[in-house]
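Structure record follows, encoded as structure tokens.
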Amino acid sequence: MSMIIFFVVSFLVQALALKLALSFMGHGTSSNGLGKAMGISFMLNVLLFFVGLVPLLGWVLKPVVWLLVVMSAYNTSFFKSMGVGLTQVVLQWGIGLVLSWLGLSMAFAGM
């Protein structure tokens, strides 16, 4: 599979998982559109790429940056954002599993 298709599919999986995780945690649908989820996912990918470049502290800072972005973008509490994060990881894993059954390898996509 082409690398461009891989990154597009993994980006869409991340955005869809974020949208579904927010829906599962009871966040209203008026501010939880797929377009906003795609924008937030793009911003998170860029931010977390640069945070990951920080030696040793990158893995500690990544969850903090993710929580701050989601809390500010969706106006959620700390605990709801933690729930969204855990739900997003499970959903992303599940979507990746379904895509792998369809022949699209999503190994380590967004992790």
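Where a number appears in this text, it was derived from the coordinates with a stated rule and is not lab data. Just so we're clear, the structure is a prediction, and the values are computed from it rather than from any experiment. Neighbour counts are summed over all protein chains in view; Cβ atoms, including those assigned to glycine, are modelled from backbone coordinates with ideal geometry.
So the values come out like this:
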{"item": "FRET E, pair Val54, Val98, Förster distance 35 Å, beta-carbon r, rounded to 0.05", "result": "0.55"}
{"item": "Relative contact order of the chain, defined on C-alpha pairs under 8 angstrom at six or more residues apart (%)", "result": "34 percent"}
{"item": "Stretch gain in nm, segment Leu47-Ile5, where the contour uses 0.36 nm per residue and the Cα spacing is subtracted", "result": "13.0 nm"}
{"item": "Alpha-carbon centroids, the range 60-75 and the range 30-54: separation in whole Å", "result": "10 Å"}
{"item": "Mean residue ellipticity (222 nm) of the chain, computed from DSSP H runs ≥ 4 via -39,500 (n - 2.57), nearest 500", "result": "-25500 deg cm²/dmol"}
{"item": "Rh by Kirkwood over Cα pairs, then Stokes-Einstein D for the chain at 0.890 mPa s and 25 °C, µm²/s", "result": "170 µm²/s"}
